[in-house]
1. Calculate the length of the line joining the C-alpha centroid of the stretch 376-430 to that of the stretch 95-124, in whole Å.
2. Could you tell me which of Leu435, Gly39, Ser407 has its Cα farthest along the dipole of the chain towards the positive end, charges placed at Cβ (Lys, Arg +1; Asp, Glu -1), taken about the Cα centre?
3. Give the long-range amide H neighbours of Thr4: residues separated by 5 or more places, or on another chain, with amide H under 5 Å away, using H modelled in the peptide plane at 1.01 Å from N.
4. For the stretch 123-129, just list the computed ³J(HN,Hα) in residue order, Karplus coefficients 6.51, -1.76 and 1.60, θ = phi - 60°, integers in Hz, with x standing in for Gly and Pro.
5. Which ³J(HN,Hα) values, rounded to whole Hz and listed in residue order, are derived for the stretch 324-338 from phi using the Karplus coefficients 6.51, -1.76 and 1.60 in 6.51 cos²θ - 1.76 cosθ + 1.60 with θ = phi - 60°, glycine and proline given as x?
6. Given the rule -39500 (n - 2.57) for each run of at least 4 DSSP H residues, summed and divided by the residues of the chain, what is its mean residue ellipticity at 222 nm, to the nearest 500 deg cm²/dmol?
7. FRET efficiency for Lys427 and Gln315, Cβ-Cβ distance as r, R0 = 41 Å, nearest 0.05?
8. Please compute the contact order of the chain in relative form: average sequence separation of alpha-carbon pairs under 8 Å and at least six residues apart, divided by the residue count, as a percent.
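Every number in this text was worked out from the coordinates using simple rules, so none of it is lab data. Remember, it's a predicted structure, so these values are computed and weren't measured experimentally. Please note: Cβ atoms are built from the backbone with ideal geometry, for glycine as well, and neighbour counts cover all protein chains shown.
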Amino acid sequence: MSDTRTERDSMGEMQVPADAYYGASTQRAVENFPVSGDGIPAEVVRALGLIKASAAAVNHTKGVLDDEQFKAIGQAAQEVVDGALDDHFVVDVFQTGSGTSSNMNANEVIANRATEILGGRLGSKLVHPNDHVNAGQSSNDVFPTAVHLAAYTACVDDLLPALWRLQESLTEKSDEFAGVVKPGRTHLMDATPVTLGQEFGGYARQVELAGARVQAALERLAELPLGGTAVGTGLNAPEGMTEGVLAELRRRTGIGALREAENHFEAQGARDALVELSGACKVVAVSLTKIANDLRWMGSGPRTGLAEIRLPEIQPGSSIMPAKVNPVIPESVTQVAAQVIGNDAAVTIGGLSGAFELNVYIPLMARNVLESIRLLARSAENFARQCIDGIVADVDRCTELSERNLSIVTALVPAIGYDRSAELAKKALAEDRPLREVVKEAGVLAAADVDRILDTMRMTQGGVL
């Protein structure tokens, strides 16, 4: 038997692997785009399967598909959703910018598998990829719809739960460390006291707001371009088809927010919703970087750094220095953040590069946005589980640093003035003595008032002492 079979499309014949479900259009794309070796994200493949199954259901009600075609397409499309046909999605992600090659890849795979289900031979087109599987659709509305659907699902199922898990972990540490006073720091220099709990509470709020930004972007992402067909006019989409397909998608996915675009020319000419979501992911990356770097600073040591906290020791840190342990989880988080920020830069370029009725950077944008979601979700969950949950405060070290912190002199300003306070702080620094001792010695206040005003825990509550 031959290793190949002959398939045809509008440009002529192509030889494809004999057992492949894809056809001539897909094979052309394989040969045209030998670029990265990576296909479109699996999430987009699943979403394409959902759209094709939903469209088949509506086309059946409109008489476009007979009972057998509808059932066969539905079964084949469900196999795409289930991942059973992943090996047949072979087009490189760096392809035609509309995603036409991947849409045709889906059409051909589903058509050939449906043909096989009906007892036909591959390539015989008992089910036609364009006339049946793609009926009432265009790559220009289907592919961006699949990307929106994939990104929405990934955010809801993966990223947001991971962020809430991280927020919960940070909140628990905020409560645990509420009584641990330490120096605040601005410009990396000593500042007035804070509690370790207050710092972790700030981190928890950062993550909460990061999640809220992602959630806000989902509102625009749920507005789908489906129904615009080629340029936004809806040519060849039967009346009621879009409403029917969206109803099917809501039923199959459980995402009630999915809706038709208010303006199909905006929805196909621009990819602003993906740019917005990518931007939200960038903010998440920025927040996680700030938190991770703070923890690296506070955990530095163990003897010659700040050493205010101890991070979990999870692996040896050096191939040459025995017993060295490094903050490897925060380092991993910051590397993920760098990748996400880089992804966002490419998504931004993709978003601003649309022309007239179509953006032609959609596969790139899909790849980067979905990678950012996936990396952030895994990294945030790992950050919580392998780092935050196991952090321990070194209370003695924090107390020692609080007492040596000359910025506590700030609390004296209302009582003795800025200039006198500065003078005493400089004296304490020059003589390497505790500020409390120098102030008492100066006799500017009663000893009891000095102790009351220089109560570092009270300073963390604000107000005049």
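1. That distance is 63 Å.
2. Leu435
3. Here Ala18 satisfy the definition.
4. Calculated HN-Hα couplings, in order: x, 7, 6, 4, 10, 8, x Hz.
5. With coefficients 6.51, -1.76 and 1.60, one gets 6, 10, 10, x, 5, 5, x, 5, 4, 4, 5, 5, 4, 4, 4 Hz.
6. On the way: 18 runs with 264 residues, N = 465.
Mean residue ellipticity, 222 nm, calculated: -18500 deg cm²/dmol.
7. Values: r = 47 Å, r/R0 = 1.14.
Efficiency, from the Cβ-Cβ distance: 0.30.
8. Numbers: 790 pairs, mean separation 75.0, N = 465.
Over the chain, the number comes to 16 percent.
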